[in-house]
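K.L.:
Quick one: structure below, then a few questions.
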Amino acid sequence: MRPIQAREHRTLTKARVSQIRLAAVRSLSRLLAVAGLALALLGGVLPTAGGAQTQTVAAAEKPLDLPPPIRTDSPRDTIETFLRITDKMETAILAYLRQPSYALVAEISLMSNQLNMLMDLDNVPAATRRETGIQTFEYLMDVFGRIGAPDPEAFPDVDMIDDSGLDNFRIPETPLRIVRMTEGDREGEFLFSDSVVTVAPRLYAAVRHLPLQSRLGIESWSSFGPQLAGPLIPGWVVQSIPSSMTKTWLDTPAWKVLLLMLALVATLTALWVLRRLLGWIKPAGRISELLLKTLPPIALIYATVSLLPFFSGQVNPSGRFATVFDTVLVVATFAASAALFWLLVRAFAEWIIRSPNIPEESLDANLLRLAAGTFGLIGVLVILAIGGQEVGLPVLSMIAGLGIGGLAVALAVRPTFENLIGGVILYVDRPVRVGDFCSVGNQMGTVEAIGIRSTRLRAVDRTMISIPNAQFADMQIVNWAQCDRMLINEKIGIRYDTTSDQLRYLLAQLRRMLHAHPRIDKDTVRVRFTGFGDSALNVDVRVYAETREWNDFFAIREDIFLRIFDLVHEAGTDLAFPSQTLYMARDGGRDLDRSESAENAVKRWRGAKQLPFPRLSRSEIERLDGTLDYPPYGSPDAGGDDETVEPGAEPLSAPPEAEDSPTGDNDEQERKV
């Protein structure tokens, strides 16, 4: 018997904790209801009830008379608990009809929750579970009030259950069954089976012709319950309602349906007025705009969680209309919660962007918005999924079905994902930033925005170029904004009748001018005679202007070109242009002496077997090595060290790093290794 007693004690303790929780929830609901009523009365939304209200509030201050805890250890315990609670509920309703009070409403509501706990309602949507349970036990009270309450002694107790091992028991003379729960939080308890929701109405329809045994003198619990109203609606008001308005519509009297519909319309009208008022306010920034947009969802949540449930508790709808009304409130609550979560996440992202002064249209800002949008979307989907589960939608089945549909969607939005990944690559690699002037392919312009899908350039002709991020990340990008200096590279054509010394003079003066210019990098000056063109002697000028601004660069280059023009004329020559010059003169022929000398030299080479074709001999190469003077005679660098590296040199690669070695032996050891 000890295991049975321990189990019974555990069940009693569990039930007692459940009752205390229900009482706490009810007390909290009562406080919220009183607060909502006070706000409504201050705003003139609900009519006052005069002295009756004072009496009601005073009654609400009385301590709640908690009923005994439920027991479901055996079918007998379940039936005894059901009969005890229904009898106590009948007494409480009788007292409520004599003198309405919040304490009696809370006590009746608590007993309704206890009766719901005696039934297996797991297959009923959570949003309508309570109303469905209330309607079901009303049918059960109608049935047992007509055919007689079942005798608890006819049901097995805990000891008999252990001996028989049965888990399913039928209530005599009814198709109703009490079964043992085999899974979930209430595993091992005996409850009315889940079929009671559909069986109880049919059973009542079969016995409704029989008289109901009740101290209230009513004809039916299922028809009496919908006519009850809350304490704020006086009994004389309910009794004065025309009979045409007491007819039920979706199991609820018409006057209650009308009141609740008016309450919904009033709520929607108030929300519409609030949105119009907010539309007149000009926000100072994105954060203010988003925070203003959160006010309607907050107001809707307050209405669906506090005001409308309080009003519904006073009107007391029932049956199918109550189910629809509760579902509407749940849907509105979760929809408003999803919208509120979305706006708050976006506002938080904007606050992060604003706090370190990240540029509004930069890639960092857009990626923060993307992360916030992704997180917000996930949160919205989770909230809506929970809401769908509450109203009975097969969310898990829908998610499983999305696995196949998700593949088709992924294929359809593949370009969008490519652009998204391209945006992430641009964020990681950072080839450009907002405000940079760059060349992309054959396009040039200033980066105005780097978005999630595309990057926008403002072209030189002021047109807007939009390039998808996937293409932008794969193209060759020249970022002019990253230039530390700007290149001036120009080829000058000098007339062919210019003498070599004139050309030397011009080259020297060009170099002096560039070294003297305050906006030219001295280490990059390069002026060289580069070749013989078709109609000119080519001189290449390549220097770097110390600027990073286009207008300044063009001004510096213009000044350089004008000075070059002056120096060319100073050298006594001129700029060449594509032309052909026809010389009218008598041909003087070849220089016979020099021609004979050259031919004799070749004959000597041939006779001595020293003809340098196809190449010079090795001995002659060694003899000629370094015999010319370079730099030429007269130059400041003439006769210097050939390996000396001048300042401003431009090597093709960085010099190799010197190896730190104290002795040559270590170097030799490293080479051996």
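The values are calculated or read from the model by the stated rules, or taken from the named source; none is laboratory data. This is a predicted model, so every value here is computed, not measured. Note that we place each Cβ from the backbone using ideal geometry, even for glycine, and neighbour counts take in every protein chain shown. For the accessible areas, the whole protein counts, side chains as well, though only heavy atoms, and no ligand, DNA or RNA atoms are used. Shrake-Rupley method; radii C 1.70, N 1.55, O 1.52, S 1.80 Å.
K.L.:
With respect to Asp185, determine if the residue is of a type in the set (D, E, K, R), surrounded by fewer than 19 Cβ atoms within 10 Å (Cβ to Cβ) and outside any helix (DSSP H, G or I).
P.N.:
Details: of a type in the set (D, E, K, R): yes; surrounded by fewer than 19 Cβ atoms within 10 Å (Cβ to Cβ): yes; outside any helix (DSSP H, G or I): yes.
So Asp185 passes the test.
K.L.:
Quick one: in segment 123-141, of everything that is of a type in the set (S, T, N, Q) and in a helix (DSSP H, G or I), which residue is farthest from Gln213 (Cα to Cα)? If you could, list the steps in order and put the result at the bottom.
P.N.:
First, pick out the residues of segment 123-141 that are of a type in the set (S, T, N, Q): 123, 128, 132, 135-136.
Going one step further and asking which of them are in a helix (DSSP H, G or I), we end up with 128, 132, 135-136.
Working: Thr128: 29, Thr132: 24, Gln135: 19, Thr136: 18 Å.
Of everything passing the filter in segment 123-141, Thr128 is farthest from Gln213 (Cα to Cα).
K.L.:
Does Ala555 meet the test of being open to solvent by 20 Å² or more (accessible area, probe 1.4 Å) and outside any helix (DSSP H, G or I)? Break it down into steps so the answer makes sense when it comes.
P.N.:
Working: open to solvent by 20 Å² or more (accessible area, probe 1.4 Å): yes; outside any helix (DSSP H, G or I): no.
Here the answer is no, as Ala555 does not meet what is asked.
K.L.:
For the structure I just gave you, tell me whether Ser288 is surrounded by 14 or more Cβ atoms within 10 Å (Cβ to Cβ), closer than 27 Å to Phe144 by Cα and out of contact with any Ser or Thr (no Cβ under 6 Å at 6 or more places or on another chain).
P.N.:
On the way: surrounded by 14 or more Cβ atoms within 10 Å (Cβ to Cβ): yes; closer than 27 Å to Phe144 by Cα: no; out of contact with any Ser or Thr (no Cβ under 6 Å at 6 or more places or on another chain): yes.
Judged against the criteria, Ser288 is not a match.
K.L.:
Another question, then. For segment 73-119, give me the residue count where each residue is open to solvent by 20 Å² or more (accessible area, probe 1.4 Å) and of a type in the set (A, V, I, L, M, F, W, C).
P.N.:
Count: 8.
K.L.:
Here is a check on your reading of the model: is Arg512 of a type in the set (Lys, Arg), in a helix (DSSP H, G or I) and closer than 18 Å to Phe565 by Cβ?
P.N.:
Values: of a type in the set (Lys, Arg): yes; in a helix (DSSP H, G or I): yes; closer than 18 Å to Phe565 by Cβ: yes.
So Arg512 passes the test.
K.L.:
Next question, about the same structure. So which of Val602, Val568 is in contact (Cβ under 8 Å) with a residue 40 or more places away in the chain, aliphatic (A, V, I, L, M) and open to solvent by less than 100 Å² (accessible area, probe 1.4 Å)? Lay out the reasoning, then the answer.
P.N.:
Working: Val602 fails: in contact (Cβ under 8 Å) with a residue 40 or more places away in the chain.
Going through Val602, Val568 in turn, just one is in contact (Cβ under 8 Å) with a residue 40 or more places away in the chain, aliphatic (A, V, I, L, M) and open to solvent by less than 100 Å² (accessible area, probe 1.4 Å): Val568.
K.L.:
Further question on the same structure: Mind listing just one residue for me: the one in segment 538-552 that is assigned to a loop (DSSP other than H, G, I, E, B) and open to solvent by less than 100 Å² (accessible area, probe 1.4 Å) and, of those, farthest from Leu506 (Cα to Cα)? Can you show your working first?
P.N.:
Narrowing segment 538-552 to residues assigned to a loop (DSSP other than H, G, I, E, B): 546-549.
Those left that are additionally open to solvent by less than 100 Å² (accessible area, probe 1.4 Å): 546-547, 549.
On the way: Glu546: 24, Thr547: 27, Glu549: 30 Å.
Here the answer is Glu549.
K.L.:
What number goes with the only condition from (1) open to solvent by less than 20 Å² (accessible area, probe 1.4 Å); (2) within 28 Å of Thr252 (Cα to Cα) that Ile161 does not pass?
P.N.:
(2)
K.L.:
I've got another one for you. Among the residues of segment 120-157 satisfying the criterion of being crowded, with 21+ Cβ neighbours inside 10 Å and aliphatic (A, V, I, L, M), which is farthest from Arg71 (Cα to Cα)?
P.N.:
Filtering segment 120-157 for residues that are crowded, with 21+ Cβ neighbours inside 10 Å and aliphatic (A, V, I, L, M), the one farthest from Arg71 (Cα to Cα) comes out as Ala127.
K.L.:
Please find, within segment 67-103, the residue that is farthest from the chain's Cα centre (by Cα) out of those that are without any contact (Cβ under 8 Å) to a residue 24 or more places away in the chain and closer than 25 Å to Asp185 by Cβ.
P.N.:
Arg84
K.L.:
Any chance segment 404-415 includes a residue that's at pLDDT below 85, open to solvent by 90 Å² or more (accessible area, probe 1.4 Å) and under 30 Å from Thr547 (Cα atoms)?
P.N.:
So the first thing to find is which residues in segment 404-415 are at pLDDT below 85, and the list is 404-415.
When the remaining residues are screened for being open to solvent by 90 Å² or more (accessible area, probe 1.4 Å), the result is 404, 407, 411, 414.
From what's left, under 30 Å from Thr547 (Cα atoms): none.
There is no residue in segment 404-415 that is at pLDDT below 85, open to solvent by 90 Å² or more (accessible area, probe 1.4 Å) and under 30 Å from Thr547 (Cα atoms).
K.L.:
So, one more: Looking at (1) of a type in the set (Lys, Arg); (2) more than 23 Å from Asp540 (Cβ to Cβ); (3) over 34 Å from the mean Cα position of the chain (by Cα), which one does Arg485 not meet, given that it meets all the others?
P.N.:
With respect to (1) of a type in the set (Lys, Arg); (2) more than 23 Å from Asp540 (Cβ to Cβ); (3) over 34 Å from the mean Cα position of the chain (by Cα), Arg485 is out only on (2).
K.L.:
So, one more: Which of the helices (runs of 4 or more DSSP H) contained wholly in segment 251-363 include at least 2 residues that are of a type in the set (Asp, Glu)? Walk me through how you get there before you give the answer.
P.N.:
On the way: elements: 254-279, 286-293, 295-302, 308-315, 319-354.
Hits in segment 251-363: 319-354.
K.L.:
Report every pair of residues separated by at least 6 positions or lying on different chains whose Cβ atoms are under 6 Å apart, first residue within segment 225-245 and under 11 Å from Val315 (Cα atoms) and of a type in the set (Val, Ile, Thr), second open to solvent by less than 60 Å² (accessible area, probe 1.4 Å) and assigned to a loop (DSSP other than H, G, I, E, B).
P.N.:
Cβ pairs passing all conditions: Val238/Ala229.
K.L.:
Looking only at segment 570-617, count how many residues are of a type outside the set (S, T, N, Q), in contact with a Ser or Thr (Cβ under 9 Å, 6 or more places away or on another chain) and modelled with pLDDT of 85 or more.
P.N.:
So the answer is 4.
K.L.:
Let me ask another. Just to check your reading of the model, which residue among Leu250, Leu258, Leu212, Leu271 is open to solvent by less than 40 Å² (accessible area, probe 1.4 Å) and either more than 30 Å from Leu291 (Cα to Cα) or acidic (Asp, Glu) (or both)? I'd like the intermediate steps shown before the answer.
P.N.:
Numbers: Leu250 fails: open to solvent by less than 40 Å² (accessible area, probe 1.4 Å); Leu258 fails: open to solvent by less than 40 Å² (accessible area, probe 1.4 Å); Leu271 fails: either more than 30 Å from Leu291 (Cα to Cα) or acidic (Asp, Glu) (or both).
From the options Leu250, Leu258, Leu212, Leu271, the qualifying one is Leu212.
K.L.:
Residues being open to solvent by less than 60 Å² (accessible area, probe 1.4 Å) and outside any helix (DSSP H, G or I): count how many of those fall in segment 189-209.
P.N.:
6
K.L.:
Those residues that are of a type in the set (Phe, Trp, Tyr) and modelled with pLDDT of 90 or more, I need them from segment 140-167; list them, please.
P.N.:
At the first step, the residues of segment 140-167 found to be of a type in the set (Phe, Trp, Tyr) are 144, 155.
The answer is Phe144, and nothing else.
K.L.:
Going by the structure shown, is Ser579 surrounded by fewer than 14 Cβ atoms within 10 Å (Cβ to Cβ), among the polar types (S, T, N, Q), over 60 Å from the mean Cα position of the chain (by Cα) and assigned to a helix (DSSP H, G or I)? Reasoning before the result, please.
P.N.:
Working: surrounded by fewer than 14 Cβ atoms within 10 Å (Cβ to Cβ): yes; among the polar types (S, T, N, Q): yes; over 60 Å from the mean Cα position of the chain (by Cα): yes; assigned to a helix (DSSP H, G or I): no.
Against the criterion (surrounded by fewer than 14 Cβ atoms within 10 Å (Cβ to Cβ), among the polar types (S, T, N, Q), over 60 Å from the mean Cα position of the chain (by Cα) and assigned to a helix (DSSP H, G or I)), Ser579 does not qualify.
K.L.:
Then there is this: Would you pick out the residues in segment 427-458 that are of a type in the set (A, V, I, L, M, F, W, C) and either open to solvent by 10 Å² or more (accessible area, probe 1.4 Å) or assigned to a loop (DSSP other than H, G, I, E, B) (or both)? Lay out the reasoning, then the answer.
P.N.:
Step one: list which residues in segment 427-458 are of a type in the set (A, V, I, L, M, F, W, C), which gives 428, 432, 434, 437-438, 440, 444, 447, 449-450, 452, 457.
Scanning segment 427-458 gives Val428, Val432, Val434, Phe437, Met444, Ile452.
K.L.:
Looking at Gly531, Gly588, which one is outside any loop (DSSP other than H, G, I, E, B) and either touching a residue at least 40 places away in the same chain (Cβ under 8 Å) or within 26 Å of Asp497 (Cβ to Cβ) (or both)?
P.N.:
Details: Gly588 fails: outside any loop (DSSP other than H, G, I, E, B).
Going through Gly531, Gly588 in turn, just one is outside any loop (DSSP other than H, G, I, E, B) and either touching a residue at least 40 places away in the same chain (Cβ under 8 Å) or within 26 Å of Asp497 (Cβ to Cβ) (or both): Gly531.
Rundown of residues vs (1) touching a residue at least 60 places away in the same chain (Cβ under 8 Å); (2) touching a Gly at 6+ places or on another chain (Cβ under 8 Å), yes/no style:
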position	(1), (2)
Ile134	yes, yes
Arg146	yes, no
Asp157	yes, no
Ser164	no, no
Glu173	no, no
Leu176	no, no
Arg186	yes, no
Asp194	yes, no
